Amino acid sequence: MDKIAILLATYNGDQYLEEQLESICAQTHMAWHLFARDDGSTDATVGILKLYAARYSNITIVDNDGEFTGSATGNFFKLLHFSDFQGFSHISFSDQDDVWAPSKLKAALTCMSLNNASAYSSNLVSYDNDMMRANYIDKSQHQKEFDYIFQGASAGCTYVFTRAVCLLVQQKTAGVNEYKGRSHDWLIYALCRVNDVCWVFDREAHIFYRQHARNVYGSMSALSGMVARLKMLRSGWYRDNIIWVAEMSGATLKAGSVLERIKRNSLTDKVGLLKMVARFRRSKRESWLLALIILFLF
C-alpha cells in the first residue's frame, strides 16, 4: 500500500488544530505518517501536537531547533528538507485549520493512478462559520501554456506528489532562504511544469478550507479578502512573486520573452502581455482580471 508522508506546518493554531488532526486520523487510506513542525507558537499548539504524538505512533513532531521562519512558506520548506522520506511513496501538505473529508488521501492516490500523474491538486470548499457562508472553489480548469508563472495549481493543502517529485523540489530549492511573502505551493507547481511533471487536477473537493481572521491569504470570496489582495497587488507583491517564481523554477528557459516583458514593464510590453493573456491563467474570468492587473497594478 502507498505510504504517504503528511507535512503539517503549525503556528498559533490551537483554536482549530484538533479538528484538523481528527480529520486526518479518520482517513480511509490508513498508510500515512504525519510530520508536524511548529514555527514558534505561543499558544497551546505545541501541547496539542504533543498530546496527539503521544497517542498515535504515526504522528511525529519535527524539532525546529529553535529556528523560526516567520512564515508558513518557510515552515513548509523546512518540513520538505528535513528528510529524504525514504520508505514513503507520496508527500502531502496539510494546513493547521482545515478539515479533510475521510476519503481525501484515497481520492488523491486514485486520481493520480488513473491519470498516471506524479502530482495532484483538487478543488475545495471554503467556509466561514462566523459569516455562515460556504463557497466552492474551482481550480481545475485546463492548463495553459504559461499558467504556472502566474498562479499555483490550487491551495497547497490539496497537494499530493510522489517522493521523486519531492526530491526534485528539494534539489531545486536547496538555496532558498527568502520566505516571507513567498508561496511554496505556487513555486512547487512551477517547478513541476518546468520539469514536465504530469500534474492532475481533481474536480472534486475533499477539503473544507476554513476562512477566519488569521488566514494568511484565504479565499477571494470575502470582501475583506478582496481588499487585502488589492493592497498586495498595489504594493507590487504579485509582479515581484511572478519574477521570483519564474527565476527560482527555471521558467526563464521556456518563457524568457514573457518574463522580459514583465521585468521591463513598459507600455509596449504591457500591450504585448495583454495579447497573450489567455495563455496565462486557466480561468477565462481570471484572465480578464489579470488583464486589468497588468494594465493598472503591475
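Per q in 0.16 Å⁻¹, report the Debye log10 I(q)/I(0) for the chain, using one uniform scatterer on each alpha carbon and no solvent.
-1.43
What ranking, highest mean first, results for peptides 236-248, 46-58 when packing means the other Cβ atoms within 10 Å averaged over each residue? Don't jump to the answer; show the numbers that get you there.
Values: 236-248: 17.5, 46-58: 14.5.
With the highest mean Cβ count within 10 Å placed first, the list reads 236-248, 46-58.
Share of the chain's accessible area from carbon and sulfur, percent, 1.4 Å? Please list the in-between numbers first.
Working: 7470 of 13820 Å².
Percent of accessible area from carbon and sulfur atoms in the chain: 54.
Give me the percent relative contact order of the chain, please, defined on Cα pairs under 8 angstrom at least 6 residues apart. Intermediate values should be presented prior to the final figure.
Working: 505 pairs, mean separation 57.2, N = 298.
It comes to 19 percent, rounded to a whole number.
For region 282-289, just list the computed ³J(HN,Hα) in residue order, Karplus coefficients 6.51, -1.76 and 1.60, θ = phi - 60°, integers in Hz, with x standing in for Gly and Pro.
Along region 282-289, the couplings run 6, 8, 4, 4, 5, 5, 5, 5 Hz.
How far apart, in nanometres, would the label points at residue 227 and residue 292 be if each is projected 7 angstrom from Cα along the Cα-to-Cβ direction?
About 1.7 nm separates the two model spin labels.
Where Lys and Arg each count +1 and Asp and Glu each count -1, what net charge lies around residue 68 among other residues with Cβ under 15 Å from its Cβ? Don't skip to the answer; put the middle values down first.
On the way: positive: 37, 78, 180; negative: 38, 39, 43, 63, 65, 67.
Overall, the nearby charge balance is -3.
Report the gain in length on full extension from residue 253 to residue 276: 0.36 nm times residue separation, minus Cα-Cα distance, nm rounded to one decimal. If you can, show how the numbers build up before the last one.
On the way: separation 23, 0.36 × 23 = 8.28 nm, distance 1.78 nm.
Between residue 253 and residue 276, full extension yields 6.5 nm more.
Do the alpha carbons of any pairs in 104/144; 231/284; 3/104; 3/180; 172/284; 3/172 sit beyond 20 Å of each other, and which pairs?
On the way: 104/144 26 Å; 231/284 23 Å; 3/104 14 Å; 3/180 31 Å; 172/284 31 Å; 3/172 24 Å.
Violating the 20 Å limit, Cα to Cα: 104/144; 231/284; 3/180; 172/284; 3/172.
Could you order peptides 11-20, 251-260, 92-101 by the average number of other Cβ atoms within 10 Å of their residues, highest first?
Details: 11-20: 18.1, 251-260: 16.3, 92-101: 22.8.
In decreasing order of mean packing, 11-20, 251-260, 92-101 become 92-101, 11-20, 251-260.
Take every Cα pair under 8 Å in region 38-111 that's 6+ residues apart, average their separations, divide by the length, and report that relative contact order as a whole percent.
Details: 22 pairs, mean separation 20.0, N = 74.
That works out to 27 percent.
Could you tell me how many cubic angstrom of Cα convex hull volume region 87-126 has per residue?
Values: hull volume 3.7 nm³, N = 40.
Output value, Cα hull per residue: 93 Å³.
So what's the convex hull volume per residue for the Cα atoms of region 54-208, in Å³? If you can, show how the numbers build up before the last one.
Details: hull volume 23.7 nm³, N = 155.
Per-residue hull volume (Cα only) is 153 Å³.
May I ask you to evaluate 6.51 cos²θ - 1.76 cosθ + 1.60, the Karplus curve with θ = phi - 60°, for each residue of region 165-176 and list the ³J(HN,Hα) values in order in whole Hz, giving x for glycine and proline?
5, 4, 5, 4, 4, 4, 5, 6, 10, 4, x, 6
How large is ³J(HN,Hα), in whole Hz, for each residue of region 259-264 in order, when computed from phi with the Karplus curve 6.51 cos²θ - 1.76 cosθ + 1.60 and θ = phi - 60°, using x for Gly and Pro?
Running phi through 6.51 cos²θ - 1.76 cosθ + 1.60 with θ = phi - 60° gives 5, 5, 4, 5, 5, 5 Hz.
Per DSSP H run of at least 4 residues, take -39500 (n - 2.57); add these up for the chain, divide by its residues and hand me the 222 nm value, nearest 500 deg cm²/dmol. Kindly include the intermediate steps, with their values, before the conclusion.
Details: 12 runs with 126 residues, N = 298.
One gets -12500 deg cm²/dmol as the mean residue ellipticity at 222 nm.
Sorted by mean Cβ packing within 10 Å, highest first, what order do the peptides 263-276, 26-39, 123-136 take? Walk me through the numbers on the way to the answer.
On the way: 263-276: 13.3, 26-39: 18.4, 123-136: 15.2.
My ranking of the peptides, most packed first, is 26-39, 123-136, 263-276.
The values are calculated or read from the model by the stated rules, or taken from the named source; none is laboratory data. Owing to the predicted nature of the structure, the values given are computational and were not obtained by experimental measurement. Positions of Cβ are backbone-derived with ideal geometry, glycine not excepted, and every protein chain shown enters the neighbour counts. Quick note on the areas: whole protein, heavy atoms, side chains included, nothing else; ligands and nucleic acids left out. Shrake-Rupley method; radii C 1.70, N 1.55, O 1.52, S 1.80 Å.
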